[in-house]
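Worksheet: the structure to be examined is printed underneath.
The values are calculated or read from the model by the stated rules, or taken from the named source; none is laboratory data. Remember, predicted model here, so these are calculated numbers, not experimental data. Note: ideal-geometry Cβ built from the backbone for every residue, glycine included; neighbour counts use all protein chains shown. For accessibility, only protein heavy atoms count, side chains too; no ligands or nucleic acids. Shrake-Rupley method; radii C 1.70, N 1.55, O 1.52, S 1.80 Å.
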Amino acid sequence: MPTIAPFADVTASDRALRRFLHGLPGVDAVGLEARAASLGTRSIKTTAKAYAIDLAVSMIDLTTLEGADTPGKVRALAAKAVNPDPLDRTTPRPAAVCVYPDMAATAAAALAGSGVKVASVATAFPAGRAALGVKLADVRDAVAAGADEIDMVIDRGAFLSGRYLQVYEEILAVKAECGDARLKVIFETGELSTYDNIRRASWLGMLAGADFIKTSTGKVAVNATPANTLLMLQAVRDFREQTGVQVGVKPAGGIRTTKDAVKFLVLVNETAGEDWLDSHWFRFGASSLLNDLLMQRQKLSSGRYSGPDYVTVD
Amino acid sequence: MAFAFDYAPAPESRSVVDIAPSYGLFIDGEFTEAADGKVFKTLSPSTEEVLSEVAQAGAEDVDRAVRAARKAFGKWSALPGTERAKYLFRIARIIQERSRELAVLETLDNGKPIRETRDADLPLVAAHFFYYAGWADKLGHAGYGPDPRPLGVAGQIIPWNFPLLMLAWKIAPALATGNTVVLKPAETTPLSALFFADICRQAGLPKGVVNILTGYGDAGSALVAHPDVNKVAFTGSTAVGKDIARRIAGTDKRATLELGGKGANIVFDDAPVDQAVEGIVTGIFFNQGQVCCAGSRLLVQESVHDEVLDALKRRLTTLRLGDPLDKNTDIGAINSAQQLARITALAETGEAEGAERWTAPCELPSSGYWFAPTLFTGVSQAHTIARDEIFGPVLSVLTFRTPDEAVAKANNSQYGLSAGIWTEKGSRILAVAGKLRAGVVWANTFNKFDPTSPFGGYKESGHGREGGRHGLEAYLDV
């Protein structure tokens with residue numbers, strides 16, 4: 001797949017790519033975090049809150065990524081996705097169920113006809129430490145098993161040692177294996193360590209044809225934060241402005257409460273804009289978030305807080 | 001605005017503040033009527049609703065207040081620093097405890113958004129009292145001799161843009177150093193100072209140490225002229241500041257003057273663009289631009305002019321203007337009808353002189369005093385809007401090509417209060433900052449305040465410093 005037209009020559013060589021990525025505007029960490037914190041003080045109430053809760057539910061990639069995952073566990077999660085709140089059938093469905101590749105077929109069978117997508121982490125998730133052939137085989141497997149979306153991890157080692165072209169070509173190769181499946185590129189922002197790196201990784205991923213850029217695997221100490229998500233939203237906004245191509249954003253890991261989720265939606269609204277306020281362009285990688293959203297949803301309709309026994313445990 | 005995600009109104013409750021129908025002057029620990037019985041009304045600028053009626057001080061009241069302060073000075077200045085510190089710490093804690101009430105009051109009386117009073121003004125007010133409370137027993141270590149003495153009675157006049165914060169900047173160092181004060185708040189925003197008078201009583205502050213006179217310019221003028229005032233501290237317009245300087249010339253009165261500004265906010269081509277845009281917004285639209293150190297002149301390197309302007313305009317379309325008590329409001333009301341008229345007139349001058357006007361698309365409420373965030377491009381140093389302080393949400397955009405040109409343009413102003421530099425290059429920050437003739441130079445940020453940091457101006461922006469260790473000097477006989 002060819003690179004986006006206005007930037008065709010920047011991927012011609014490692015040197016050209018480095019020059020381009022290092023020529024992106026810098027990020028002032030203090031200013032970025034202050035902006036994220038200030039948007040976090042928006043007060044979202046009543047109708048806006050009800051809208052935000054339903055939107056957030058519809059944006060969840062309901063995730064189980066444990067070594068102990070079983071077909072039974074995956075089927076239970078799929079059932080939850082199809083019918084998130086047995087007490088209220090008007091509840092929207094999450095966007096996808098996200099599993100390891102060996103569980104993709106189980107998930108696809110359980111979700112057939114529901115409209116809920118199957119997402120699968122591939123490319124030797126979460127470390128990404130395997131030969132390219134192994135990673136591509138991983139992707140092929142997942143797609144063959146019925147995955148609609150592939151979540152790949154980049155080679156952070158290559159990125160940090162400045163081998164940008166290698167990372168770029170790896171994403172291209174994975175994208176080629178995806179076929180019709182949408183590709184989410186995970187940077188593991190906690191390991192990239194600087195905001196400048198996160199902006200460079202975002203552009204690198206988008207140049208290589210990512211359909212989504214995603215903060216993290218959820219397997220390291222620092223995952224999605226308001227600041228790194230805000231930065232990635234700025235990147236997709238600028239990218240669309242310059243290329244006309246829209247890319248989605250997925251913060252993952254550590255978003256557990258309705259309050260947190262609403263803060264992220266405010267970031268989307270005021271940074272990238274309403275075009276991204278849709279599950280096609282914004283996702284939450286989360287599992288426990290759904291129950292908190294459901295409890296808040298029940299509270300809005302009944303006026304009272306229920307409790308953990310009024311939502312299902314899966 | 002037709003956002004899919006339109007925030008429902010989230011107004012802060014007014015019930016946390018109890019505004020009396022009328023207030024007197026606070027003299028010698030008591031609320032009292034003006035000698036001639038005059039009163040005036042204070043309005044809420046966002047609704048034009050009358051909030052309360054306050055006493056209007058005249059010359060006789062000024063004399064009473066100065067005499068009360070003089071009487072209190074002996075005992076107050078003789079207290080050990082640790083004792084004065086106790087009162088200041090107590091005041092600081094009461095301010096924290098009552099901060100929600102004071103934030104709502106300030107928003108009602110001034111028109112600025114609750115976001116700012118709650119998140120900026122009130123925390124800084126408390127911080128100033130805490131900071132100077134800490135100095136009260138360490139004056140011998142401040143570098144002004146082993147036992148610096150207070151000046152006596154301080155006559156203090158403060159503006160309407162940060163009523164309670166300016167009060168804190170004035171009163172906290174004065175009390176810490178052993179002075180007593182007579183303070184006149186601005187006529188459009190007298191209420192928070194009167195609530196502060198109540199806090200002084202709550203803290204058990206000895207009578208006469210703090211006196212508050214609400215009133216107009218004539219009261220301020222009488223305060224400046226009073227023979228028993230030892231120190232004048234004024235924050236406000238350059239014209240009034242010049243008048244004060246003339247009036248006290250030849251007397252032994254000390255003075256600090258914090259006057260106007262026309263701050264240059266310099267954006268180099270390697271700046272962190274997204275954060276620079278935030279800094280430009282904070283620089284000129286914080287408190288509706290009614291800030292003496294506002295970054296009201298944007299100097300953008302020509303090579304990134306279009307990029308920065310596009311990003312800035314996009315950002316301005318997301319600003320939310322309206323009810324200042326709504327927690328989601330970014331831009332509140334202009335403080336008074338006169339101020340609105342002044343801003344409007346200067347903006348018209350900008351257009352008449354050929355600058356290109358762009359206004360953020362926001363609907364203005366039907367009552368109250370409002371001005372939509374506005375920027376002018378194609379401005380040159382010769383334009384009125386590049387020289388005169390507008391004191392409103394109006395940004396003038398100029399360009400430059402080299403760092404030398406940026407410095408020359410930034411310094412080409414009768415003012416010199418603040419400046420900002422945006423670049424990723426540390427060496428450039430240091431090189432440029434050293435050449436700017438401004439009291440405060442912010443690097444990759446703007447309009448950040450801290451009690452430990454001295455604040456003051458060059459040229460017509462005034463003289464003397466407030467805040468930090470330097471702020472003590474203005475109230476000590478050194």
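Ranking A:L294, A:M152, A:T229 by how far each Cα lies toward the positive end of the dipole of region A:8-305 (charges on Cβ) leaves A:L294 at the top.
Taking label points 7 Å from Cα along the Cα-to-Cβ direction, A:S301 and B:E356 give a separation of 5.3 nm.
Once the Cα atoms are used to define both axes, helix B:99-110 deviates from the longest principal axis of chain B by about 70 degrees. Legend: calculated FRET efficiency, B:S427 to A:A12, from the Cβ-Cβ distance at R0 = 30 Å, rounded to 0.05, equals 0.40. For region B:91-155, the convex hull drawn through the C-alpha positions has a volume of 114 cubic angstrom per residue.
Within a Cβ distance under 12 Å of B:D28, other residues only, what is the Lys/Arg minus Asp/Glu net charge? Result for the neighbourhood of B:D28: +4. For region B:86-102, backbone nitrogen atoms closer than 11 Å to the point 7 Å from B:Q202 Cα along Cα-to-C-beta are found at B:91-102. Would you mind checking B:K86/B:K112; B:K41/B:K170; B:K71/B:K448 for any pair whose Cα atoms are more than 30 angstrom apart? Violating the 30 Å Cα-Cα cut-off are B:K86/B:K112; B:K71/B:K448.
Give, as ranges by residue number, the residues of region B:2-38 whose backbone N falls under 18 Å from the point 7 Å along Cα→Cβ of B:E363. What the label zone holds, given the 18 Å backbone N cut-off, is B:2-11. Let me check I have the definition right: for region B:348-437, take the eigenvalues of the Cα gyration tensor, multiply each by 5, take square roots. What are those semi-axes in whole Å, largest first? The three semi-axes for region B:348-437 are 29, 15, 13 Å. The share of Cα pairs per 10 Å bin across the protein assembly as shown, counted from zero up to the longest distance, runs 3, 13, 20, 21, 17, 13, 8, 4, 1, 0 percent. Give me the Debye-computed log₁₀ of I(q)/I(0) at q = 0.09, 0.16, 0.18, 0.19 Å⁻¹ for region B:264-443, equal point scatterers on Cα only, no solvent, two decimals. With no solvent term, the Cα-only Debye profile gives -0.29, -0.93, -1.17, -1.29.
Selection among B:V291, B:L312, B:T344 by position relative to the dipole of region B:285-356 gives B:V291 as farthest towards the positive end (Cβ unit charges, Cα centre). Remark: spin-label model distance B:E348-A:E66 equals 7.1 nm, labels positioned 7 Å along the Cα→Cβ axis. Note on region A:107-148: Cα convex hull, mean projected area over all directions, 2.9 nm². Highest mean first, the peptides B:105-114, A:81-90, B:187-196 sorted by other C-beta atoms within 10 Å per residue fall in the order B:105-114, B:187-196, A:81-90. Each distinct pair of alpha carbons in region A:159-212 adds a 1/r term; the inverse of their mean, the Kirkwood radius, is 11.4 Å.
In the context of the full set of protein chains, residues of the protein assembly as shown present 36 Å² of accessible surface per residue (probe radius 1.4 Å, heavy atoms only). Take each residue in A:23-35, count the other chain C-beta atoms within 10 Å of its C-beta, and the mean is 6. Taking a virtual spin label 7 Å from the Cα of B:T82 along the C-beta vector, which residues in region B:132-174 bring their backbone nitrogen under 12 Å of it? So the set is B:137-138. Taking label points 7 Å from Cα along the Cα-to-Cβ direction, A:L24 and A:N83 give a separation of 4.5 nm.
Using θ = phi - 60° in the Karplus curve 6.51 cos²θ - 1.76 cosθ + 1.60, the 3J(HN,Hα) couplings for region A:283-289 round to 9, 10, x, 7, 10, 6, 4 Hz; x is entered for Gly and Pro.
Our estimate of slack between B:K435 and B:A249, defined as 0.36 nm per intervening residue step minus the Cα-Cα distance, is 63.8 nm. Surface burial for B against A, with a 1.4 Å probe and both sides summed, reaches about 2300 Å² of accessible area. As a rough guide to protection, the peptides B:386-392, B:161-167 ranked by mean Cβ packing within 10 Å, highest first, stand as B:161-167, B:386-392. Residues of region B:239-288 that bury at least 30 Å² of accessible area when the other protein chains are present, relative to the chain alone (probe 1.4 Å, heavy atoms, ligands and nucleic acids excluded): B:D274, B:Q275, B:E278. Look at the stretch A:44-52: the mean tally of other chain Cβ atoms within 10 Å of its residues' Cβ atoms is 4.
Can you tell me the convex hull volume per residue for region B:40-156, based on C-alpha atoms, in Å³ to the nearest whole number? Write out the running numbers ahead of the final one.
Working: hull volume 15.1 nm³, N = 117.
Given the Cα convex hull of region B:40-156, per-residue volume reads 129 Å³.
If packing is taken as the average number of other Cβ atoms within 10 Å across a peptide's residues, how do A:155-167, B:460-472, B:352-364, A:241-253 rank, most packed first?
Numbers: A:155-167: 17.8, B:460-472: 21.8, B:352-364: 14.5, A:241-253: 19.8.
Put in order of decreasing packing, that is B:460-472, A:241-253, A:155-167, B:352-364.
Output the antiparallel fraction of DSSP beta bridges having both residues in the protein assembly as shown, as a percent to the nearest 5. Working shown, then result.
On the way: 20 of 87 bridges.
Here the share of antiparallel DSSP bridges comes out near 25 percent.
Per residue of A:265-277, other chain Cβ atoms within 10 Å of the residue Cβ number 3 on average. In a fully extended conformation the segment linking B:D218 and B:D147 would gain 21.9 nm over its present Cα-Cα distance, using 0.36 nm per residue.
Whenever you get a sec, compute what percent of the accessible area on region A:192-268 sits on carbon and sulfur atoms (1.4 Å probe). Can you show the working numbers first?
Values: 950 of 2080 Å².
Carbon and sulfur: 45 percent of the exposed surface of region A:192-268.
For region B:260-347, the Kirkwood estimate of the hydrodynamic radius, built from every pair of different alpha carbons, is 14.2 Å.
Translational diffusion coefficient of chain B (Stokes-Einstein, Kirkwood radius from Cα pairs, 20 °C, 1.002 mPa s): 94 µm²/s.
Overall shape of region B:287-328 was characterised from the C-alpha gyration tensor. The equivalent ellipsoid obtained from it has semi-axes of 25, 16, 5 Å, in decreasing order. Ligands, DNA and RNA left out, the accessible area of region A:79-187 computed with a 1.4 Å probe is 55% carbon and sulfur. Fraction of C-alpha pairs exceeding 22 angstrom in region B:148-290: 46 percent, rounded to a whole number. The orientation-averaged projected area of the convex hull spanned by the Cα atoms of region B:215-309 comes to 8.2 nm². Distances between every pair of Cα atoms in region A:229-284, grouped in 10 Å steps from 0 to the bin holding the largest one, split as 25, 58, 15, 2 percent. Applying D = kT/(6 pi eta Rh) to chain A, where Rh is the Kirkwood radius over alpha-carbon pairs, T corresponds to 37 °C and eta to 0.692 mPa s, the Stokes-Einstein value obtained is 167 µm²/s.
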